[in-house]
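*Asks:* Have a look at the structure that comes next, please.
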Amino acid sequence: MRVLLLGYGKMGKVIERVATARNHVITARIDAHNQADMADMAETTPPTDRRPDVAIEFSQPDAAFANLRFCLEHGIPVVCGTTGWLGRKPEIEQLTQEKQGAFFYASNFSIGVNLFFRLNALLAKWMNAYPQYEVSVTEVHHTEKKDAPSGTALTLTEGLLAALKRKTAWTDQPAAAPHQIAVHSVREGNVPGTHTIQYDSAVDQITITHAAHSREGFALGAVLAAEWLVQQRQAGRHGVFGMEEMMDEK
């Protein structure tokens with residue numbers, strides 16, 4: 001599989017290492033310093049030695065939309081893990097349909113985190129019967145992370161809002177009303193990502209936590225998603241995909 005890396009920071013370098021170990025070829029590494037080189041990726045006639053089978057996009061929030069649009073307009077399937085740009089995600093989804101392209105987005109590509117998403121939704125469904133428990137979300141990340149709350153924290157919160165009937169909104173401040181879920185963001189050290197869902201009552205506390213030990217799990221999930229997306233295109237499928245579709249095949 002020929003892979004175009006869009007974003008070559010710490011995450012991009014780990015993705016490169018994982019992809020290479022799985023015998024894939026990196027056709028180019030694009031970041032803020034060589035953005036103009038992306039034009040070479042659009043070649044559809046010889047020479048095509050840099051034409052990728054798929055792009056993996058882990059850049060910055062201010063670059064993600066343009067990167068994704070370029071891929072879709074030039075028929076390159078694209079996997080995206082950048083967060084902080086999602087206000088424009090509906091535009092990318094519409095472009096995917098217009099171009100009959102393939103776009104795979106996840107707020108977190110870790111297999112463990114995606115199992116955690118499902119556990120979170122199941123526990124929240126059970127907690128409908130126990131309104132004495134107040135729920136909150138806390139995420140801890142490295143100090144270089146640009147967006148807060150993290151995309152993973154927002155996905156977890158969306159799972160809570162969908163399952164907990166007594167909650168209809170979230171806030172990044174202390175909850176001021178019973179219908180709100182407080183989402184706390186902490187930035188410290190070099191933490192890859194820790195997410196905690198906490199239910200507090202007057203007599204006890206229930207906590208579930210996912211703690212990443214390194215970026216390897218995120219990178220492996222992104223490469224697996226790229227492999228899966230290429231398979232979908234080879235099978236003639238197009239559209240907007242995510243981890244749920246890929247994991248359901250398991």
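*Asks:* With a Cα-only, solvent-free Debye model of region 153-218, what are the log10 I(q)/I(0) values at q = 0.22, 0.29 Å⁻¹?
*Replies:* At q = 0.22, 0.29 Å⁻¹ the computed log10 ratios are -1.08, -1.38.
*Asks:* Okay, moving on. Any idea what Rg and Dmax come out to for region 21-120 if you just take the C-alpha atoms, in Å?
*Replies:* Expressed in Å, the Cα Rg and Dmax of region 21-120 come to 14.6, 50.
*Asks:* For region 111-211, what is Rg from Cα atoms divided by 2.2 N^0.38 Å, rounded to two decimals?
*Replies:* For region 111-211, the normalised Cα radius of gyration comes out at 1.03.
*Asks:* Let me ask you something else. Determine how many Å³ per residue the convex hull of the Cα atoms of the chain encloses.
*Replies:* 134 Å³
*Asks:* Only residues of region 152-176 count here: report those whose backbone N is under 15 Å from the spot 7 Å along Cα→Cβ of Asn128, or say none.
*Replies:* 159-168
*Asks:* Between Ala121 and Ala42, what is 0.36 nm times their sequence separation minus the Cα-Cα distance? Round to one decimal in nm.
*Replies:* 24.4 nm
*Asks:* Return the loop-located GluC sites (Glu not before Pro) in region 1-73 (DSSP other than H, G, I, E, B) with at most 16 other Cβ atoms within 10 Å of their own Cβ; answer none if there are none.
*Replies:* Within region 1-73, the qualifying GluC sites (Glu not before Pro) (loop, at most 16 other Cβ atoms within 10 Å) are Glu43.
*Asks:* Now for a different question. Between Asn23 and Gln100, with labels modelled 7 Å along Cα→Cβ, what's the label distance in nm to one decimal, could you check?
*Replies:* A separation of 3.2 nm, rounded to one decimal place.
*Asks:* Also, quick follow-up: Loop-only GluC sites (Glu not before Pro) in region 142-250, please: DSSP not H, G, I, E or B, and at most 15 other Cβ atoms within 10 Å.
*Replies:* Passing sites in region 142-250 are Glu144, Glu188, Glu249.
*Asks:* For region 1-75, what is Rg from Cα atoms divided by 2.2 N^0.38 Å, rounded to two decimals?
*Replies:* 1.03
Bear in mind that the values in this text are calculations on the coordinates, not laboratory data. On a predicted model such as this, the values are computed, not experimentally measured, just so you know. Neighbour counts run over all protein chains shown; Cβ positions are idealised from the backbone, glycine included.
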